[in-house]
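Down below is the structure, laid out as structure tokens.
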Amino acid sequence: MRGIPTAVVVLLSLSAALAACDQAVPPSEAPLDPAAAQPLIITAAPVIADVTWPPAASVDRSALAALPRTAARAARRSQVPVLVPSRRELLAAPVLVAKEHWTSFWAKTESISVSLTMTRLERRYPGIPPFQGTHTVREAPALITANEGIWTATWIENGVTYALDVECASPEAPACASDALLRELASELVYVGGVGVKIPGDRP
């Protein structure tokens, strides 16, 4: 299994090497060029990952039918396999956006907010191996983090990088005291399609 690629631009600041200072250098000596001490920014051009499309038979038609028409149409246009929560309260009024290389899903209830970003863009840096997650989500190596009450799981599935965020309406809510809810929602994600699959009887 590949490691988790960097989905956004990562800036690696490498301090420029400065020559050792000679204390005996007279004051009239020209100072070092200030530009030599500036951080070195290393970037990498994005790579479009190869997508593996699940078979049409694996589409959860019940979840697809539960999506509002606008969200369902966006799912069909998606350039990546679309996963969504199977809980009906999260499918009632979601925001689903499909762009050239990525798709995003967002929904909320009275108690939680859930977002899922799906992208086929990778950034590979020479000499830096992909990060290998130490957790497991949906039978794949994953990175799980918590930041200001928001739990995030990132993993690769179908050749695509998925990042699931879960936030409780109340920071003190027991449901967000651990990564249990995040893992539970991740395990419940279902496939609802994309441009790479044709569902018999489906209308554009």
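Charge tally for Ser113 (other residues, Cβ to Cβ under 15 Å; Lys, Arg +1; Asp, Glu -1): -3.
With a cut-off of 17 Å on the backbone N, the residues of region 165-186 near the modelled label site 7 Å out from Trp106 along Cα-Cβ are 165-169.
For the pair Asp50 and Arg73, what calculated FRET efficiency results from E = 1/(1 + (r/R0)^6), where r is the Cβ-Cβ distance and R0 = 30 Å, to the nearest 0.05? E between Arg73 and Asp50, to the nearest 0.05, is 0.75. Each of Lys198, Lys108, Lys99 was scored by other Cβ atoms within 10 Å of its Cβ. Arranged with the fewest first, they read Lys198, Lys99, Lys108.
According to the calculation over all Cα-Cα pairs in region 48-193, the P(r) per 5 Å bin from zero is 2, 10, 19, 22, 21, 14, 8, 3, 1, 0 %. When +1 charges are put on Lys and Arg Cβ atoms and -1 charges on Asp and Glu Cβ atoms, the dipole computed for region 48-193 relative to its Cα centre reaches about 680 debye. Footprinting exposure proxy ranking of Arg88, Arg73, fewest other C-beta atoms within 10 angstrom first, gives Arg88, Arg73.
Laboratory data are not the source of any read-out in this text; all were calculated from the coordinates shown. Keep in mind that this is a model prediction, so the values were computed, not measured. Glycine gets a Cβ as well: all are built from the backbone with ideal geometry, and neighbour counts include every protein chain shown.
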